[in-house]
Amino acid sequence: MTENKPARRLALAVTGAVLLAAGAAGADTPQVSNVTVVPRDGQTAQVRFDLTWPDAVRPGTHHVALWVFFKAGDQGSAQWRHVRLAASNGAVVNPKGFGQSGGTALEFVVPDGSVGMFLRRTQDCRGTLIASNVTAVISVDTPTTDNQQPTTELRVFALEMAYVPEGPFEVGSSQRGLMNRLFAYAGKDVSRTERHFQTDYSDFADNTPPYRITGPGAIPTGRQQGRLWAQGLAPEDGGEIPASFPNGFAAFYCMKDVLSQGQYAAFLNTLTDAQAGKRYYPDGHGPDIKRSGTPSNYTYTASSPAEPCRYVSWADGAAFAAWAGLRPMTELEYEKAAGAGSDFRNMNVGGLNERMVSIASASGRKFAGTHGRGTPDLPADWPKDLDGVVFRGDMRGTHGGSVAARHAAISVFSDRSIHTIGGWRAVRSVPREAEQSSLQGAAAGDTGVKADMVYRVVTRSVARLARAMRADGALDEWDKPLAALGGPEDLYPERFRQPPPEEAGEDAASWQGDKDLGARVHLGWDGDALCMAVEAADDKHFNAYTSQDIERGDCLTLGLSAAQGARWKIGLALTKTGVAFHQWQGTNDELAKTAGIAVTRDDSGGVTRYELRLPLAALGLKPGEEFGLNATVSDDDDGFGQAYQIQTAPGLRFALTP
């Protein structure tokens, strides 16, 4: 947390500023300075400040934003009130009166309710952002006369929030030993015996495939084919998760770091004694957050402001989220954020035990995603106790930080214990107008097919080959590729698009350009089969794995969704023991029996060539039908597992031309 000295310039008798950042004041945290308030009219004023924001990241669609909000308190009073913004004409993106006079260009997003605003870069870049006279319009109480108006202190708060874009994703896991994991019901329950003594991994995986969330709307639950179900902590059998429940498909912002001691202390410092008495736990918070002063004039100070706040109960964290104008995260959003979170430096989703709204209880499922209103009072749809809550992430370090592990909050280290360290991370839904602005801004620098593939679902025809393809790795049937992958926008996780920080050392992995990893992707059909060829530029080729682990090394992975909801995930690799093919997901084993496969390696040219011939009958495809596809090429440069990968796009759709 950074605390700035009160600004002495008086305007409407408003002075002072405090910044609520991820950690202590220092070179790596956002800094607000030179805060002033200027009268605008009888009901509004302009807050102006300078902003220095280290490591302000915007690589493509993914980015980090600042959630900025304001609190005001009259001198001599312990009562602080939330200050609302005044966005004219209902504008959400860059409303009139919001802006800056210089520095790095910012975009202003003021969501419905006007409890705060998002600030984010307008251009793709990373590094220190410096902006001067950043200006927001706030609503103020109508002043009477100068001698009746009390002196008022204004505090500015900001939280770094990572953007999680709209799109489909998978929840759950087929990994053995993960407690209470979610999966798509496949006709067989996972019994206690299987849970503890299962040795046939392939059969186990077939019975618990992940569940794919493909859009907004209700999610059917229960022991019926294809529905969302769980090994334990299950949702309603034969029921559904309501459409109003945030299921993770829509875009949202997630706190980049878990709730810190500094943030919690700043929260306590704006509460009345009665409110703070419910939220401050002397035996737990005391060693980390010191309370000084006298009743009605207490001050809370964090010993290590950047460290995660321990002993945070569900009620404590929920009150913080409501006070900040945010909301709790659902456990489905958590799995989405954990997947996207790997693209953000220091986001750390999945590594700590965190509290989420659960789908396993009626009180959890009634959560409709209402945002806090700037006070510690919880909206009516939020769970009030642990019945609607679930622990997610690493519980005592026994599950390797797996995001699929789930723990009952009502019985496992329930409340205010040392095990609740890192237990809170709030979110806020992204307004639709801001989502469109983000996509347009990110796609502005792209050209050709990739911009369409990345940011919207498009339908393209698959050309028919002049002759049947031979899966031999020669690639002599192919002409123009579907896509040439080799730019930073094709690389994931996104943190590898930039050189590693200096403190990472000389051995830190980093992408060196399209000769380190790039690909030309070909797609066609020959009347009987879907055909794919990939020529991957790769300076070093390693794959020391077998069977289901081949995607951990250099590998081509293909995801395909066919008619009638059939989904396939297959991989092709050249390993130490030869060409390997593995099917992680699919309706049967017919594809594995009939697919034509080839992988060849040219070490002198630094090229690996993959070819796949997939019979339409095995895929369940017919000429003229649409299907969705995504291809990923992974890179392992040292034999210790893949570091990064390139991919064609999420959300790509094709149609076979009859």
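Computed from the coordinates by the stated procedures, all read-outs in this text should not be read as laboratory data. The structure displayed is predicted, hence computed values, not measured ones. Virtual Cβ from ideal backbone geometry, glycine too; neighbours counted across all protein chains shown.
Full extension of the chain between A274 and S292 yields a length gain of 4.9 nm, computed as 0.36 nm times the residue separation minus the alpha carbon distance.
Pairs exceeding a 31 Å alpha-carbon distance, out of K96/K336; K336/K366; K366/K569; K336/K384; K593/K622: K96/K336; K366/K569.
Estimated from the Cβ-Cβ distance and a Förster radius of 56 angstrom, the FRET efficiency linking R40 and S510 is about 0.70. Label-to-label distance, R601 versus A243, with points set 7 angstrom from Cα along the beta-carbon direction: 5.2 nm.
Ordered by the count of other Cβ atoms within 10 Å of each Cβ, fewest first, Y298, Y211 give Y298, Y211. Note on segment 25-143: Cα-Cα pairs beyond 21 Å make up 40% of the total pair count.
Spin-label model, S139/K366: points 7 Å from Cα along the beta carbon direction are separated by 2.8 nm. Across segment 530-614 the C-alpha pair distances fall into 10 Å bins from zero in the proportions 17, 52, 25, 6, 0 percent. The stretch between K540 and R81, if pulled fully straight at 0.36 nm per residue, gains 159.3 nm over its current Cα-Cα span.
If the segment from T122 to Q548 were pulled out straight at 0.36 nm per residue, it would be longer than the present Cα-Cα gap by 149.2 nm.
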